[in-house]
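The values are calculated or read from the model by the stated rules, or taken from the named source; none is laboratory data. No experiment lies behind these values; they were computed from the predicted model shown. Please note: Cβ atoms are built from the backbone with ideal geometry, for glycine as well, and neighbour counts cover all protein chains shown. These area figures cover heavy atoms from the full protein model, side chains too; ligands, DNA and RNA do not enter into them. Shrake-Rupley method; radii C 1.70, N 1.55, O 1.52, S 1.80 Å.
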Amino acid sequence: MENERINLLGLDAAALSDLIGQWGGKPFRARQLQRWVHQRGVDAFDNMTDLARDFRVQLSERCSVQALPVGTEQRSSDGTRKWLFDVGQGNAIETVFIPEDDRGTLCVSSQAGCAVNCRFCSTGHQGFNRNLSTAEIVGQLWWARRVLEADAGSARLPAATGKAAVEDPRVISNVVMMGMGEPLLNYDQLLPALRLMLDDNAYGLSRRRVTVSTSGVVPMMDRLSQDCPVALAVSLHAPNDGLRDELVPLNKKYPLDVLLAACNRYLEFAPRDFITFEYCMLDGINDTDQHARELIQIARQVRCKLNLIPFNPFPESGLKRSPQVRVRVFAQRLMDAGIITTVRKTRGDDIAAACGQLAGEVQDRTRVAERRARTIPITQVSA
Ligand code: SAH
Ligand code: SF4
């Protein structure tokens, strides 16, 4: 039956060569198959012309290559593209492609919903629905690359792996795990997906160009540093424990001193010599001069770059975006203190593809928003 087939999108090199080994096949067969599936985006085994006929028949009987079904696709006037994938039971996840001058970045989801419940995040407001499987995580990249290459006309595109792709904004050169969900709370499914992103027989991305973004799941940061060190972004959002407890509730479990120590441990193994700290600018909540002073003290404890993200509002949050001039002044304070600071450009505004706006239509299954409205004591900002 269809749902009992092994979805090859979910197998990293080791798992695929195990499978082919069990069938009596040689490891190079597994590599060949990997290239057909991930590099060429082929899902019909019959079209994998240099595989032996018997092998193709065996594959057709037992395996599939299947991404999640696509609900909708939208294109922004700035070139950003967003796909909504159906994960069943009325839930959806999103994947966003952001072309820039010198790169193409795919923003990938790791979970349907999220249990961390950050105050300013629409995914958090939806509550947790379920973890994505490795195949569902990799399937986002597989799908997006197939569509982008088909659109551009594959003849005109360089091979999608390796150096040529890096300079070409039409192909995916970077992946950021910044879609829906907390990737490090879905570690077992994430890890093979990251390995496939880096694998030369699959997507061949540089580990410096694959970024895991986390709200600070400390034990899993340590595991990632050993299992598959890629670039790391840490969602800070507050410069002291009191405020961070409210904005990112996971802080109660892993407070700032514990988190900063984990960042420093990670740096010993990281492919880049800095951690990116993300800081969502919330009007009157975390954007004052006092917050800037505290943030400078935090940033001095870790080799880091600060990325200020203008808050993308959604109705239930009751929060407001910091005015542009406040963001500029805040950034200047940090830069004056010698901290490398950038302000994230908001992309895909017209299709709600910006950070924290993903799958805005998905139903609020757990009424998190209501509960939160009763319990969280942020009063500086009116809805
Ligand atoms: N769960 C992970 C990754 C997904 S969120 C994490 O929290 O890091 C990716 C980034 O978008 C995080 O830095 C997150 O804090 C930020 N974000 C979430 N909601 C946002 C919003 N409404 N406006 C701006 N940034 C937001
Ligand atoms: Fe989850 Fe990240 Fe949103 Fe927090 S910001 S609720 S960790 S997806």
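List the trypsin sites (Lys or Arg not before Pro) within segment 263-305 that fall in a DSSP loop (any state other than H, G, I, E or B) and whose Cβ has at most 16 other Cβ atoms within 10 Å.
Of the trypsin sites (Lys or Arg not before Pro), the ones in loops of segment 263-305 whose Cβ has at most 16 other Cβ atoms within 10 Å are ARG300, ARG303.
Arrange the residues LEU185, LEU84 by how much accessible surface each exposes, largest first, with a 1.4 angstrom probe.
Descending accessible area places them as LEU185, LEU84.
What does the extension gain come out to for ILE340 and LYS253, with contour length at 0.36 nm per residue minus their alpha carbon separation?
Working it through step by step, the gained length comes to 28.5 nm.
Give the long-range amide H neighbours of CYS280: residues separated by 5 or more places, or on another chain, with amide H under 5 Å away, using H modelled in the peptide plane at 1.01 Å from N.
Amide H neighbours of CYS280: HIS237, ILE309.
Under a 5 Å amide H to amide H cut-off, with H placed in plane at 1.01 Å, what residues pair with ARG40 once short-range neighbours are removed?
For ARG40, no residues qualify.
Could you order ILE339, ILE98 so the one with the most accessible surface comes first? Probe is 1.4 Å. Write down the numbers at each step before the final one.
On the way: ILE339 15, ILE98 40 Å².
Largest to smallest exposure gives the sequence ILE98, ILE339.
Can you give me the Rg/Rh ratio for segment 2-64, using Cα atoms for both radii and the Kirkwood formula for Rh?
Ratio value, two decimals: 0.90.
Based on alpha-carbon centroids, what's the gap between segment 179-244 and segment 15-63 in Å, whole number please?
Between the Cα centres of segment 179-244 and segment 15-63 lies a distance of 29 Å.
Which distance in nm do the two modelled labels at ASP151 and GLN22 give, with both placed 7 Å along the Cα-to-Cβ direction?
Label at ASP151, label at GLN22, 3.8 nm between them.
What shape does segment 268-318 take by its C-alpha gyration tensor, where a ≥ b ≥ c are the square roots of the eigenvalues and a/c under 1.5 counts as rounded, a/b above b/c as prolate, and the rest as oblate?
oblate
So who's got an amide H within less than 5 Å of the one on VAL175, skipping anything under 5 residues away but keeping other chains? H placed 1.01 Å off N, in plane.
Amide H to amide H, under 5 Å and 5 or more residues apart or across chains, VAL175 pairs with LEU106, VAL210, THR211.
222 nm [θ] for the chain, helices only, -39500 (n - 2.57) per DSSP H run of 4+, per residue, to 500?
About -10000 deg cm²/dmol.
Could you give the C-alpha radius of gyration of the chain expressed as a fraction of 2.2 N^0.38 Å, taking N as the number of residues it contains?
Taking the Cα Rg and dividing by 2.2 N^0.38 Å, one obtains 1.01.
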